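Note sheet for the following structure.
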Amino acid sequence: MRAIYLILIPLCCFTSVYYQNKFELKFPNVKKLQEITTKTNMEANVVALYLDNAYKAITDKTNIKLDSLFNNKICGYSKKYNFGILYKYSNCGEAAPIIQEITFPKTKTSILKKWIKLMYKSNLPADAIIETEWHNENEYGPKGGEAGCYYKIKQTKNNSKIEIWCGC
């Protein structure tokens with residue numbers, strides 16, 4: 001009987017730790033993020049706000065880039081979150097596009113597509129009507145290739161990356 005306990009206790013502990021550390025992509029609260037973007041006159045970085053509220057930051061901003069054209073304002077950085085999430089942001093130079101990259105643990109494409117649609121909506125005023133579409137299996141953005149933000153899914157063996165490009 002004692003031998004059974006010696007086997008079961010470590011097994012239960014391992015299983016508990018495994019499931020506590022398992023990654024699950026959290027969907028954004030569209031309404032909350034839209035309220036923040038409205039209050040900040042569309043100046044808020046919605047993806048960074050989402051990550052800061054949904055996951056625990058492991059580092060502060062690293063690999064900081066400064067834009068000499070704009071009084072050395074921070075224009076690029078990286079930041080790590082729990083579960084190995086890595087966020088990169090860049091908007092350096094005059095009339096430069098905003099480029100963001102998020103690396104998540106491996107996640108199903110169907111889940112990522114739902115997340116992308118919600119993030120896209122979160123980045124707009126609540127009353128905005130912008131027609132969007134999947135341009136191909138892994139790229140989402142404004143219908144007809146108009147100016148705006150484009151999301152691209154890239155799957156690797158161990159990770160899922162979302163690249164976001166916003167510009168004219």
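The values are calculated or read from the model by the stated rules, or taken from the named source; none is laboratory data. What you are looking at is a predicted structure, and each value in this text was computed from that prediction instead of being measured. Here Cβ is always computed from backbone atoms with ideal geometry, including for glycine, and neighbour counts include all displayed protein chains.
I'd like the residue in region 45-60 that is buried (at least 16 other Cβ atoms within 10 Å of the Cβ) and outside any helix (DSSP H, G or I) and, out of all such residues, is modelled with the lowest pLDDT. That would be Asn45.
In region 143-168, the qualifying residues are those that are closer than 19 Å to Lys121 by Cβ and among the hydroxyl-bearing types (Ser, Thr, Tyr), and the one that is surrounded by the fewest Cβ atoms within 10 Å (Cβ to Cβ) is Tyr150. Of all residues in region 85-127, those satisfying the criterion of being without any contact (Cβ under 8 Å) to a residue 60 or more places away in the chain, not in a loop (DSSP other than H, G, I, E, B) and not basic (Lys, Arg) are Ile85, Leu86, Tyr87, Tyr89, Ser90, Thr103, Thr109, Ser110, Ile116, Tyr120. Hey, does region 22-40 have a residue that's in a helix (DSSP H, G or I), modelled with pLDDT under 55 and either aliphatic (A, V, I, L, M) or more than 16 Å from Lys117 (Cα to Cα) (or both)? For region 22-40, residues in a helix (DSSP H, G or I), modelled with pLDDT under 55 and either aliphatic (A, V, I, L, M) or more than 16 Å from Lys117 (Cα to Cα) (or both): absent. Selection within region 138-155: residues that are without any contact (Cβ under 8 Å) to a residue 24 or more places away in the chain and in a loop (DSSP other than H, G, I, E, B). The member of this set that is farthest from Phe83 (Cα to Cα) is Glu146.
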